[in-house]
Amino acid sequence: MTQTCEAVTRKWGNSIGITFPKELVQKEHMKENQKIRVIVVTQDNTLKETFGLLKGKLKKSAQQIKDELRAELYDDE
C-alpha cells in the first residue's frame, strides 16, 4: 500500500534525516531498522516563474487563445 505525507528534512550529525508522523508509523506497522522505500518529490516554482514572466504581457485571455487554437484545429477538417 502507498501512503503519502509531507516531511521536513533535519540535520542529524553529518547526514540529513526525516521523521514520519506517528499515525503513519502505526498505520503501516513500521519498525526500527525496517527497510522502506521513499519517493522524493521536491517542490519548486518552475511553472509559476515561467508563467509569471508573461503576467500582464498577454493581450488575450487564456479562453480566447484556447478558442482560437480549437478553431484552427477543427478548421482543417
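The values are calculated or read from the model by the stated rules, or taken from the named source; none is laboratory data. Everything numeric here is computed off the predicted structure, so don't read it as measured data. Quick reminder, even Gly has a Cβ in these numbers, built from the backbone with ideal geometry, and neighbours come from all protein chains shown.
Among the residues of the stretch 1-11, just one is surrounded by 10 or more Cβ atoms within 10 Å (Cβ to Cβ) and either over 20 Å from the mean Cα position of the chain (by Cα) or part of a strand (DSSP E or B) (or both), namely ARG10. Selection over the stretch 28-68 of residues that are within 18 Å of GLY17 (Cα to Cα), at pLDDT below 80 and surrounded by 10 or more Cβ atoms within 10 Å (Cβ to Cβ) gives a count of 0. GLU72 satisfies every condition listed in (1) on the phi < 0 side of the Ramachandran plot; (2) modelled with pLDDT of 85 or more; (3) more than 25 Å from the chain's Cα centre (by Cα) except (2). With respect to the stated conditions, VAL25 fails to be at negative phi and modelled with pLDDT under 85.
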